[in-house]
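Working notes, beginning with the structure itself.
The values are calculated or read from the model by the stated rules, or taken from the named source; none is laboratory data. If you're wondering where the values come from, they're calculated on a predicted model, not measured in any experiment. When we count neighbours, we look across all protein chains shown, and the Cβ atoms used for this are built from the backbone with ideal geometry, even at glycine. Surface areas here come from the heavy atoms of the whole protein model, side chains and all, with no ligands, DNA or RNA. Shrake-Rupley method; radii C 1.70, N 1.55, O 1.52, S 1.80 Å.
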Amino acid sequence: MDVRIKPRPNKMIQSFGLLFIICNVQIGIGVFGFQRYIAREAGHDAWIAVLLAGILSHLSGWMLIRVLRRYNSADLYGIHQDLFGRWVGGGLSILMMLYYVIVTVTILRTYIEAVQSWIFPEFPTWLLALVLLFLSWYAGISGLRVIVGVCFIGFCVMFAFSTLYYNPIQFAQWNRLLPIGEATPYQLLNGAVAMGFTLSGFEIVTYLYPYLNDKDKSQKYMQISLLLTNILYLFIIIVTTIFFSQDQLLRTVWSSLNMLKIVKYPFLERIEVLAMGVWMFAVVPGIIILTWVISRGLRRLFNFPHKKVLIVFSIFIYVVSLVFHNREQIDLLNSLISKVSLLISFVYPLFLYVTVAVVWWWRQHKQKKGEDELA
């Protein structure tokens, strides 16, 4: 496997596309219920924990782009092989693909559970999973440019619906934010850790980087996309904190959807039901990107055909998603994957950054030493 990738020009995208892709991977079904997990750790200072996690995501994103720029046109699969060799690097890449399989199942099953809770309680899990994965497969085989277009639609849906949270502010009790700083640093850190899975996904840039035309602008759009995501999550956690009491918030599974219940229009009621249905356009792009990353990885490591692998993995994800039957199982799955995602999105970038710096310094040192000996 070549460390660097040289895609054909018609397969490449502009760095501006990162704005839509990263936001779609980070903002999914978790936006409807992440508040309870943060408030459980940090109380009414949950917004500070979200802010702290957002700052750390910017730092992790910066380190990832710095690593990618050293290789110019390599993805994480190639970087693994360059740093750790064929077998160890390949093993790490397989573990990453397995992680994305589990994340895809988590997103898919959580969205289906939300639809069954809010719209159609008797809707068959197998049917909705089949529809979502078919849409993901169809867009995935069409190429990266089509995927960016789908992500743009999801981006518009997400930020259009976020304007609806202006309504709960009218019934806010701002004193619920006071006293600021009551949570201990340990509690804030636990809250930021709980936010890890919700903010994870931006490391997807390590697989997209070789397909960017203007790589010099990747850092800018990476940081802008992270900023937009963090602003949205910060806005929602603040609105939730001033709308619900702490006891209500800890008992509410889908806080963001519950707040939409008060939004009424003369021509439309139960807008939270509409939001859950339309939110499919925000969930599907994330599934598309993750399955694309998995299939590209198998093509890179084993030279398997991209389209055939995408079909096989879609079927595999479909079967695994049917294993989970109730809220307790899905909640356990989310809890487990949140711990792993914290390592992948926040700890591993630091490890990668330090490792690449050390390896490149050692190689330059050996090269300079060899040149001195020849001289």
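The set of residues in segment 335-354 being over 19 Å from S57 (Cβ atoms) and either open to solvent by 100 Å² or more (accessible area, probe 1.4 Å) or touching a helix residue (DSSP H, G or I) at 6+ places or on another chain (Cβ under 6 Å) (or both) consists of L336 alone.
On the basis of being more than 17 Å from the chain's Cα centre (by Cα) and of a type outside the set (A, V, I, L, M, F, W, C), does T229 make the cut? No, not satisfied.
Quick check on my filter: what residues within segment 48-73 are open to solvent by 10 Å² or more (accessible area, probe 1.4 Å) and among the small types (G, A, S)? Explain how you work it out, then say what you get.
Initially, segment 48-73 is screened for residues open to solvent by 10 Å² or more (accessible area, probe 1.4 Å), giving 48, 51-52, 55-56, 58-59, 62-63, 66, 69-70, 72-73.
The one that is open to solvent by 10 Å² or more (accessible area, probe 1.4 Å) and among the small types (G, A, S): S73.
Quick one: is M1 closer than 28 Å to A357 by Cβ and in contact with a Pro (Cβ under 6 Å, 6 or more places away or on another chain)? No; evaluated as a whole, the condition is false for this residue.
Filtered by the rule that a residue be among the small types (G, A, S) and modelled with pLDDT under 90, segment 348-371 gives a lone residue, G370. Filtering segment 31-47 to residues that are aliphatic (A, V, I, L, M) and crowded, with 23+ Cβ neighbours inside 10 Å leaves I38, A39, A42, A46. Kindly indicate which of Q170, Q116 is of a type in the set (S, T, N, Q) and closer than 19 Å to G28 by Cβ. Criteria check complete, one pass: Q116.
From the list I236, I224, I153, I231, which one is in a helix (DSSP H, G or I), open to solvent by less than 40 Å² (accessible area, probe 1.4 Å) and not basic (K, R)? First the steps, then the outcome.
Values: I224 fails: open to solvent by less than 40 Å² (accessible area, probe 1.4 Å); I153 fails: open to solvent by less than 40 Å² (accessible area, probe 1.4 Å); I231 fails: open to solvent by less than 40 Å² (accessible area, probe 1.4 Å).
Of the residues listed, the single one that is in a helix (DSSP H, G or I), open to solvent by less than 40 Å² (accessible area, probe 1.4 Å) and not basic (K, R) is I236.
Restricting the first member to segment 299-319 and to residues that are open to solvent by 70 Å² or more (accessible area, probe 1.4 Å), and the second to residues that are part of a helix (DSSP H, G or I), the beta-carbon pairs closer than 7 Å and six or more apart or on different chains are R299/H306; R299/V309; F304/L298; I311/W137.
Residues checked against (1) part of a helix (DSSP H, G or I); (2) in contact (Cβ under 8 Å) with a residue 24 or more places away in the chain; (3) farther than 18 Å from P210 by Cβ:
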| site | (1), (2), (3) |
| --- | --- |
| D2 | no, yes, no |
| K6 | no, yes, no |
| G17 | yes, yes, no |
| I22 | yes, yes, no |
| V25 | yes, yes, no |
| V31 | yes, yes, yes |
| A42 | yes, yes, yes |
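For segment 202-219, enumerate the residues that are in contact with a helix residue (DSSP H, G or I) (Cβ under 6 Å, 6 or more places away or on another chain), of a type outside the set (V, I, T) and either open to solvent by 10 Å² or more (accessible area, probe 1.4 Å) or part of a helix (DSSP H, G or I) (or both). Passing the criteria: F202, E203, Y207, Y209, Y211, D214, K217, S218, Q219. For residues that are of a type in the set (S, T, Y) and in a helix (DSSP H, G or I), scanning just segment 120-150, find the one that is most open to solvent (accessible area, probe 1.4 Å). The selected residue is Y138.
Of the residues making up segment 109-119, not a single one is of a type outside the set (G, A, S), at pLDDT 90 or above, assigned to a helix (DSSP H, G or I) and closer than 16 Å to T355 by Cβ. Of all residues in segment 74-98, those that are open to solvent by less than 20 Å² (accessible area, probe 1.4 Å) and not in a strand (DSSP E or B) total 11. Only one of the numbered conditions (1) hydrophobic (A, V, I, L, M, F, W, C); (2) modelled with pLDDT of 95 or more; (3) buried (at least 22 other Cβ atoms within 10 Å of the Cβ) is violated by A282, and that is (2).
In summary, A275 fulfils each of the numbered conditions (1) open to solvent by 70 Å² or more (accessible area, probe 1.4 Å); (2) not hydroxyl-bearing (S, T, Y); (3) not in a loop (DSSP other than H, G, I, E, B) with the single exception of condition (1).
Quick one: in segment 240-260, which of the residues that are more than 20 Å from W174 (Cα to Cα) and open to solvent by 20 Å² or more (accessible area, probe 1.4 Å) is farthest from the chain's Cα centre (by Cα)?
Of the residues in segment 240-260, the ones more than 20 Å from W174 (Cα to Cα) are 251, 253-254, 257.
Filter again for open to solvent by 20 Å² or more (accessible area, probe 1.4 Å), leaving 251, 253-254.
Details: R251: 25, V253: 20, W254: 19 Å.
Here the residue is R251.
Within the span defined as segment 242-255, one or more residues are among the aromatic types (F, W, Y), part of a loop (DSSP other than H, G, I, E, B) and modelled with pLDDT of 90 or more.
Across segment 180-201, the number of residues qualifying as touching a residue at least 40 places away in the same chain (Cβ under 8 Å), not small (G, A, S) and not in a helix (DSSP H, G or I) comes to 3.
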